[in-house]
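To start, the structure under review is shown below, and the notes come after it.
The values are calculated or read from the model by the stated rules, or taken from the named source; none is laboratory data. A quick note: this is a predicted structure, and the numbers were derived from the prediction, not measured. FYI the Cβ positions are ideal-geometry reconstructions off the backbone, even for glycines, and counts take in every protein chain you see.
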Amino acid sequence: MPNSQSPNPDDLRVNKRLQRLLVDFAISEGAMVELNKDQSSYLVKVLRKKIGDQVILFNGRDGAWLAQIDMAERKAVRLQCLRCLREQPEVFDLWYGFAPLKTARMDYMVQKATEMGASIMQPVITSFTQKSRLNYSRMRSNVVEAAEQCEILNVPQVLEEISFEKLLSNWKNLHGDRILIFADEAAQNSSPVKQMLKMNAKKLGLLIGPEGGFSKEERELLLSMDFVLPISLGPRILRADTAAVAALALIQSTIGER
């Protein structure tokens, strides 16, 4: 079981410099574990790690663990799990839906959504969506990179794309009582904080539209749904990736992981 003691501040400072790796196996004190071929090659060939060096392992379930390299070969690295540095936090249940963007901007958006607490990400195909063929492997790689770099233990799940119409028509079947927040460019410019603070929902969703926004018909459909909360992000027209960061920051600062 993970150590329930509070982390040592000195350990935290030292561990900031250690490589973090997302793994898919269980982690426990004293366990001997082996990295996959790609991770082994990265540690040995790129980072020049050797026997006795330490890294931090996490799997999205067992917390963050200090591990020491026991065997270091180019295609196989074995480590011993030493101790738990940080217990697994409770998941903040936040679904994040977005209209796909061009590659570089979508890379940025996926990374920032990971950093800012999204637990589920799903591309939503709208009338004005610019790109419909998606590279899910690239999206998941961006999620992993952000999680490893930013000390995130709850790694978001990336779901397959869904059409705007199917998402809304099946929302309650798919998401139950989850409230869906959407950034409405046409909404009256007013602070959304009071609206959001009144919400009692434990599960939230955030929907960000494409460049050019939602179509008139899509906006009307959103506003007709009793589970939808439209919010304004201010008087400026924001790019989709900027709007995503602004809305996620707003959620975290008002009703997020409290």
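Remarks
- For the stretch 20-55, the tally of residues that are surrounded by fewer than 11 Cβ atoms within 10 Å (Cβ to Cβ), part of a loop (DSSP other than H, G, I, E, B) and under 26 Å from the mean Cα position of the chain (by Cα) stands at 1.
- The set of residues in the stretch 47-61 that are under 11 Å from LEU85 (Cβ atoms) and not polar (S, T, N, Q) comprises ILE56, LEU57, PHE58.
- Any hit, the stretch 154-165, residues being surrounded by 16 or more Cβ atoms within 10 Å (Cβ to Cβ), assigned to a loop (DSSP other than H, G, I, E, B), of a type in the set (Val, Ile, Thr) and assigned by TED's automatic domain parsing to the domain that holds LEU250: yes
- Of the residues making up the stretch 91-148, those that are in a loop (DSSP other than H, G, I, E, B), without any contact (Cβ under 8 Å) to a residue 40 or more places away in the chain and within 19 Å of ASN59 (Cβ to Cβ) number 1.
- Residue in the stretch 189-204 that is at pLDDT 90 or above, under 24 Å from ALA104 (Cα atoms) and surrounded by 19 or more Cβ atoms within 10 Å (Cβ to Cβ) present: no
- Annotation note: of ASP62, ASP70, the sole residue that is touching a residue at least 40 places away in the same chain (Cβ under 8 Å), among the acidic types (Asp, Glu) and not assigned by TED's automatic domain parsing to the domain that holds ALA183 is ASP62.
- Within the stretch 215-244, tally of residues that are at pLDDT 90 or above and part of a loop (DSSP other than H, G, I, E, B): 5
- Residue ID - farthest from ARG105 (Cα to Cα), chosen from residues in the stretch 212-246 that are among the charged types (D, E, K, R) and touching a Phe, Trp or Tyr at 6+ places or on another chain (Cβ under 7 Å): GLU218
- Take the conditions (1) closer than 21 Å to LYS75 by Cβ; (2) touching a Lys or Arg at 6+ places or on another chain (Cβ under 9 Å); LYS49 misses just one of them, which is (2).
- Residues in the stretch 207-249 that are more than 19 Å from LEU168 (Cβ to Cβ), crowded, with 18+ Cβ neighbours inside 10 Å and among the charged types (D, E, K, R): ASP241 alone.
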